[in-house]
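Data block below; observations after.
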Amino acid sequence: MFENSRRHIPAFCPLCVSRCGCEAVVEDGRLVAIEPDPSHPTGKALCAKGRASPALVEAPDRLLYPLRRTRPKGDADPGWQRISWDEALDETAAAMRRIATESGPEAVAFAVTTSSGTAISDAQPWIDRLINAFGSPNNCNAWEICAWHRQYARAFTTGTGIGTPDYAKAGCILLWGHNPSTSLLAAATRVAAARAGGAKLIVVDPRHIGFAVKADCWLRVRPGTDAALALALAGVMIEQGWFDEDFVRGWTNGPFLVREDDGTLLRAEALAAGEEGFVAWDEGRRTAVRYDPTTREYELPPIRLALSGACVVAGRDGPIACRTVFALYAAQCRAMSPETAAEISGVDADAIREAARVLWQHRPVAHYTWTGLEQQSNATQTDRAIAILHALTGSIDAAGGNLQLAQVPVNDVSGNELREATQWCKALGLAERPLGLGKSGWILSDDLYRAAIEAQPYRVRALVGFGANLLLSHADAARGAEALRRLEFHVQSDLYMTPTAAYADIVLPIASAWEREGLRVGFGLDRDACELVQFRPAVVAPRGEARADIDIVFDLAVRLGLGNHFWHGNVLAALDHHLEPSGLNLEALRAEPRGIRVPLETTYRKYRHGGFATPSGRIEIFSAALQEIGEPPLPEFRRPVWAAPGFPMTLTSAKTPLYCHSQHRNLAPLRRLEPDPVAEISPLTAAARDICDGDWLAITTPRGRVRARARLNASLADGIVAARHGWWQACPELDLPSYDALDPHGSANINLAIGVETVDPVSGAAPHRCYPCDISKFYD
């Protein structure tokens, strides 16, 4: 299969969400290079991680054979014993079946790594199918850390996720908590092109990096205060009349009336018996008009719906004093004046006013948010504030704004239809957060830990891990380790023996992305990229006995008695089924290694034909769904836990373009560029603690103590400590050390020092980006 010759094989890099088009250069059966493919819609550039793929494939510390633990988990020596694949999968299936029979499938939890920063995307929908077919409602997959808010919390406002920024046609680009140079390189090339073509650029980020350096407006926001800034920007725009009044009046619930007596939306049944819906005030007719959410129309074509002011409506039981949703929202924004927001966020009041002007005068606005906003204790309300701010510009599903692009049709293979409602009601955390992750069968790591340690609300006895390195990527790492110790059975599949895998009973070696096939239907970013379907071949043979995740899923499913849901173990037949609605199949894709395009049509402002996918059919400035669970129906700023006694500074985290999460520190081409864990601090912050550039720091929080090497950054606000997460691996080639993920005296794992005392009340997101700390010189 793998001939002795130098070949350039068309492919795409699946190591992160960018999915950059590339060519794999193979010589004598070895991967020697990964090069960009400019002809590919995502192939204009390739990051250092992708270029380091040959080192990843040949890394000496890779797992190559299935292993079984032979000694207790408390023992310093796990006594790893090499076993066959049949033994590993048979024992895994037997343990899963036994525990499900005794305690229900919910007693077996899954932990799946993120598809945004790993190559798990090749197998993601099939892993989901396994989880759904098995019947576990508990998948710990870090959605609250990355993507849930911009995709699911956004739906509280717009009915859908954030959409695709149309950078090419944008007049203004707003990047908020998002540096595509480090996390989405294919998008970065589009932002750069749009900027060169004259688009204005606003970047909201505590650090002056990436596009912040080139921005027309860089807003140096204090971590955790983004909602205050968003409300202040909206307040300026409303005060100046810089908002799309027709869109707000016609396509949001801004005109709906709110009762002054109880703060709820006025319902039509309060006016007349038997009527349902909401109520607005028609200034033209000087009367209340009913809005029917079923037809998504007003009972009479309004002449001019009121957006501001108060009114008294004749109700069945007497007069009802009301104000419009938009009036209440505007008042909340005005209360967060630029001066008030400046004190909270650190962003100058005049800079706030200027950014608001740019947003309005250079429409349409394309915007995107990222993990800088996800990992906060006010993440849901922050996303709502930004979503409404964007709606004020009228740029939703508009050319140059954020689009809901057509996608190549495929069969959904995630197995959602296999779920039983009674079983999914058992998702950990669903009772506490009914609108959160549990609705989709996703759980927080903290909920998993509580169930494993305290058996609350029931005991989780087993964990099936697909690449999730919980101890490095989730808060409260010490508690996570205790939970892993308590598990009756734990199987982990991975490239390396991670700190999380080291607690497993069975460890399974995974083939790297370049040693297995992968199917990609659509590459996002724009219509051109969405049209492309590509099948990536295995460009080199797997090392040792490493296998693809998808093969493990199908073999395990058959052993679990679920083969009828998995084409009786036939992966290729399953992939063809997935592709069937597109008109493509694997045979055709293999014959066209650079992919095949399926023409798609882009239509704008689709909401004009049926409204938005919200309960009201309108953009919901006022969320009745959030109000029903005790959350504010209008977005608001909640002050994070910035400081605690003895911890006057704020610890935040930041990505580096060299590493994805807890990966790649073992690779010499990358590690030599950033050899040590780094924490950025301002020169004044350093001087106050007698710290010099390059000194080792001790970062102490109410939860623990970790270390990092100081890097002075004059653009960073005083009192902010911007560290990196994910440090554990050694790099023997460069004689650079590993770090014990749980060592309270010398760990570089910042999640050992992040707690979950205060989390987002809707999603449960932990404050990875905003946690109290102090720093000093590190002494062993």
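The values are calculated or read from the model by the stated rules, or taken from the named source; none is laboratory data. Note that the structure is predicted; figures quoted are calculated from it, not measured. Here Cβ is always computed from backbone atoms with ideal geometry, including for glycine, and neighbour counts include all displayed protein chains. Accessible surface areas use protein heavy atoms only, side chains included; no ligands, DNA or RNA. Shrake-Rupley method; radii C 1.70, N 1.55, O 1.52, S 1.80 Å.
Applying the condition of being small (Gly, Ala, Ser) and surrounded by fewer than 24 Cβ atoms within 10 Å (Cβ to Cβ) to the range 124-141 and asking which residue is farthest from Ala451 (Cα to Cα) yields Ala133.
Taken over the range 747-779, the criterion of being in contact with a Lys or Arg (Cβ under 9 Å, 6 or more places away or on another chain) and over 26 Å from Glu636 (Cβ atoms) is satisfied by Ser747, Ala748, Ile750, Leu752, Ala753, Asp774, Ile775, Ser776, Lys777, Phe778. Here Arg129 meets each of (1) at pLDDT below 95; (2) over 20 Å from Ile396 (Cα atoms) with one exception, condition (1). The set of residues from the range 706-737 being farther than 28 Å from Gly755 by Cβ and open to solvent by 60 Å² or more (accessible area, probe 1.4 Å) comprises Ala714, Pro732, Glu733, Asp735. The number of residues in the range 615-640 being under 30 Å from Ala688 (Cα atoms) and open to solvent by 60 Å² or more (accessible area, probe 1.4 Å) comes to 2. Taking every residue in the range 442-471 that is within 16 Å of Gly755 (Cβ to Cβ) and at pLDDT 95 or above and pairing it with any residue that is open to solvent by 30 Å² or more (accessible area, probe 1.4 Å) and in a loop (DSSP other than H, G, I, E, B), at least 6 positions away or on another chain, the pairs with Cβ-Cβ distances below 6 Å are Asp446/Val756; Arg450/Gln456. Applying the set (1) open to solvent by 10 Å² or more (accessible area, probe 1.4 Å); (2) of a type outside the set (Val, Ile, Thr); (3) in contact with a Leu (Cβ under 6 Å, 6 or more places away or on another chain) to Ala502 leaves exactly one unmet item: (3).
Residues in the range 24-36: is at least one among the acidic types (Asp, Glu), touching a residue at least 12 places away in the same chain (Cβ under 8 Å), open to solvent by less than 50 Å² (accessible area, probe 1.4 Å) and touching a strand residue (DSSP E or B) at 6+ places or on another chain (Cβ under 8 Å)? If you could, list the steps in order and put the result at the bottom.
Taking the range 24-36 first, the residues among the acidic types (Asp, Glu) are 27-28, 35.
Add one more test, that the residue is touching a residue at least 12 places away in the same chain (Cβ under 8 Å), and what stays is 27-28, 35.
Keeping just the survivors that are open to solvent by less than 50 Å² (accessible area, probe 1.4 Å) gives none.
Scanning the range 24-36, I find no residue that is among the acidic types (Asp, Glu), touching a residue at least 12 places away in the same chain (Cβ under 8 Å), open to solvent by less than 50 Å² (accessible area, probe 1.4 Å) and touching a strand residue (DSSP E or B) at 6+ places or on another chain (Cβ under 8 Å), so the answer is no.
So which residues in the range 1-55 are part of a loop (DSSP other than H, G, I, E, B), aliphatic (A, V, I, L, M) and closer than 23 Å to Thr114 by Cβ, if there are any at all?
As a first pass, look at the range 1-55 and keep what is part of a loop (DSSP other than H, G, I, E, B): 1-5, 13-20, 28-29, 37-47, 52.
If we keep only those that are aliphatic (A, V, I, L, M) too, we end up with 1, 15, 17, 45-46, 52.
Scanning the range 1-55 gives Leu15, Val17, Ala45, Leu46, Ala52.
Kindly evaluate Leu684 against the criterion of being open to solvent by less than 50 Å² (accessible area, probe 1.4 Å) and of a type in the set (A, V, I, L, M). Judged against the criteria, Leu684 is not a match.
Kindly check whether there is at least one residue in the range 638-645 that is at pLDDT below 95, under 29 Å from Thr380 (Cα atoms) and in contact with a Leu (Cβ under 8 Å, 6 or more places away or on another chain). No, there is no match, as no residue in the range 638-645 is at pLDDT below 95, under 29 Å from Thr380 (Cα atoms) and in contact with a Leu (Cβ under 8 Å, 6 or more places away or on another chain).
Inspection of the range 490-508 finds no residue satisfying the criterion of being without any contact (Cβ under 8 Å) to a residue 40 or more places away in the chain and under 21 Å from Leu575 (Cβ atoms). Just one of the numbered conditions (1) under 27 Å from Ala230 (Cβ atoms); (2) in contact (Cβ under 8 Å) with a residue 60 or more places away in the chain is not true of Ser682; which one? Evaluating Ser682 over (1) under 27 Å from Ala230 (Cβ atoms); (2) in contact (Cβ under 8 Å) with a residue 60 or more places away in the chain leaves (2) as the failure.
Can we say Ile699 is touching a residue at least 12 places away in the same chain (Cβ under 8 Å), part of a loop (DSSP other than H, G, I, E, B) and open to solvent by less than 10 Å² (accessible area, probe 1.4 Å)?
Working: touching a residue at least 12 places away in the same chain (Cβ under 8 Å): yes; part of a loop (DSSP other than H, G, I, E, B): no; open to solvent by less than 10 Å² (accessible area, probe 1.4 Å): yes.
So Ile699 fails the test.
Residues in the range 542-569 that are touching a helix residue (DSSP H, G or I) at 6+ places or on another chain (Cβ under 8 Å), open to solvent by 40 Å² or more (accessible area, probe 1.4 Å) and not in a helix (DSSP H, G or I): Pro542, Arg543, Glu545, Arg547, Gly561.
Selection of helices (runs of 4 or more DSSP H) fully inside the range 314-387 by the criterion of at least 3 residues being out of contact with any Phe, Trp or Tyr (no Cβ under 8 Å at 6 or more places or on another chain), open to solvent by less than 30 Å² (accessible area, probe 1.4 Å) and hydrophobic (A, V, I, L, M, F, W, C) returns 325-335, 349-361.
Here Ala481, Ala574 are screened, and the one residue that is within 23 Å of Gln407 (Cα to Cα) and not in a loop (DSSP other than H, G, I, E, B) is Ala574.
Evaluating Phe110 against the criteria (1) out of contact with any Gly (no Cβ under 8 Å at 6 or more places or on another chain); (2) in contact (Cβ under 8 Å) with a residue 40 or more places away in the chain; (3) among the hydrophobic types (A, V, I, L, M, F, W, C); (4) open to solvent by less than 10 Å² (accessible area, probe 1.4 Å) leaves one unmet condition, (1).
Hey, any hits in the range 182-203 for a residue that's within 15 Å of the chain's Cα centre (by Cα) and crowded, with 22+ Cβ neighbours inside 10 Å? Within the range 182-203 (the criterion being within 15 Å of the chain's Cα centre (by Cα) and crowded, with 22+ Cβ neighbours inside 10 Å), the answer is yes, since at least one residue qualifies.
For Glu580, the conditions (1) assigned to a helix (DSSP H, G or I); (2) more than 22 Å from Arg129 (Cα to Cα); (3) open to solvent by 60 Å² or more (accessible area, probe 1.4 Å) are fulfilled apart from (2).
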